[in-house]
Structures are given as structure tokens and as C-alpha cells.
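Here the structure comes first, spelled out in C-alpha cells, and everything after it is commentary.
The values are calculated or read from the model by the stated rules, or taken from the named source; none is laboratory data. Source: prediction; values computed, not measured. Cβ placement follows ideal geometry from the backbone for every residue including glycine, while neighbour counts extend to all protein chains displayed. What goes into the accessible areas is simple: the full protein's heavy atoms, side chains included, and nothing from ligands, DNA or RNA. Shrake-Rupley method; radii C 1.70, N 1.55, O 1.52, S 1.80 Å.
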Amino acid sequence: MTTGAPTPTYPARPRRSRMRTVLPLGVAAWLVLEIWLLSVVASAASGFAVFLLLVAGFVLGSVVIKRAGRRAFQNLNEALQRGGAPSSSGSGGNGLMMLGGLLLMIPGLLSDAIGLLLLIPPVQKAVGRYAERTFDRKIRTAVPGTLGDAFQQARMQRPDGKVVQGEVIVRDEPGGDTPQEPRPPLTR
């Protein structure tokens with residue numbers, strides 16, 4: 001039955017990003033590989049040995065996460081007592097240590113191997129530098145109006161050496177919000 005109203009035209013569906021396509025396939029391949037590795041090791045040794053490996057990985061991962069979290073909290077506490085920001089030199093590897101501990105806690109031999117690699121300090125430094133370079137490059141190439149705008153900040157150096165962070169506000173209108181005469185103080 002027609003009412004004379006035009007049929008609605010729907011816009012073309014937006015193109016699906018590559019990450020949304022590849023990530024589920026990568027997770028599925030990871031799971032299949034983990035199960036296959038566990039079955040190979042279980043057939044070579046025994047099922048009980050694999051069980052002990054998984055329990056040891058879980059316990060080691062929880063100890064690593066607890067230790068890294070305690071160290072990060074201690075660094076933050078010391079920085080707050082000094083009155084500054086936490087230094088990135090001493091606490092740079094805490095996040096990667098926590099990630100390594102999490103990978104150790106996940107059942108599987110491949111995740112355990114990657115988690116153990118992330119506990120090695122030279123690997124932590126290399127991965128940290130790579131992540132920092134990638135993050136900086138993504139922020140520099142961010143399109144205005146995206147999440148990249150949230151990270152554009154200005155730093156002002158005060159005479160006492162403290163750094164004050166603030167946002168950069170760009171006005172498109174010339175003389176847009178600058179008052180011509182001084183405003184009265186806000187008192188009640």
C-alpha cells in the first residue's frame with residue numbers, strides 16, 4: 001500500500017575501519033595458537049605439567065603486578081610530597097611491567113613468553129621508546145577537532161622553576177572575548 005510519501009533513502013554505510021576487521025581475527029588466531037601450543041606441550045610432557053605451568057604463570061603474574069603497582073604508587077606518593085609531577089625516569093617501566101604481569105596471568109604459553117619478555121629491562125626500554133614515538137607521531141598528525149585537540153597543551157615556565165600546565169584556546173574572531181575595560185571583581 002502506498003501513501004504517496006517518498007521512500008526514504010539511507011546514506012551509504014560508513015566504511016569499516018581496518019582495526020575493527022583485523023582485531024577479532026587476530027584474537028581468534030591467538031586463541032587457536034595458544035590452545036594448539038598447550039596441547040603440544042601436554043602431549044610431550046603431561047597434562048599435570050601444563051596445569052602447573054599455568055598456575056605458576058598466574059602466581060608470578062600476580063606478584064609482578066602487585067610489585068609494579070606498589071612501585072608506581074610509591075613514586076606517585078614521593079612526587080606528591082615533593083610537590084611536583086612523578087618523574088618518568090624511575091616509573092617508566094611500571095606500566096609495561098603490569099602489562100607483562102597481566103600477560104603472565106592469562107592462560108597460555110605464548111602470552112607467558114611475551115609477558116616474560118616484557119619483564120626484561122632492555123625490552124621495556126625499547127618498547128617504551130617505540131610506544132612514545134608512535135604516540136607522538138599520532139598526536140602530531142591528529143586532525144583538529146579530534147582527540148588530538150585534547151592533548152594540545154601549553155606550558156608556562158614560572159620564575160621559581162615550576163611548570164604550569166594549561167589549555168591553548170584559539171579564538172577565530174579578532175578581539176572576540178577581550179574586554180575593552182577592566183571588569184569589576186567577583187565578590188558577594
Inter-residue pairs, beta-carbon under 9 Å, first charged (D, E, K, R) and in the range 68-86, second surrounded by 12 or more Cβ atoms within 10 Å (Cβ to Cβ) and at pLDDT 85 or above, 6+ apart: Arg71/Met97
Boolean, Glu132 is in a helix (DSSP H, G or I), more than 30 Å from Ser39 (Cα to Cα) and modelled with pLDDT of 85 or more: yes
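Which members of the range 82-113 meet the condition of being among the hydrophobic types (A, V, I, L, M, F, W, C), open to solvent by 60 Å² or more (accessible area, probe 1.4 Å) and modelled with pLDDT of 80 or more? Talk me through it step by step, then tell me what you get.
We begin by selecting, within the range 82-113, every residue among the hydrophobic types (A, V, I, L, M, F, W, C); these are 85, 96-99, 102-106, 109-110, 113.
From what is left, the residues that are open to solvent by 60 Å² or more (accessible area, probe 1.4 Å) are 85, 98-99, 102, 106.
Hits for the range 82-113 are Met98, Leu99, Leu102, Ile106.
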Scan of the range 54-81 for residues that are open to solvent by 70 Å² or more (accessible area, probe 1.4 Å), of a type in the set (A, V, I, L, M, F, W, C) and at pLDDT 90 or above, ordered by number: Phe58, Val59, Leu60, Val63
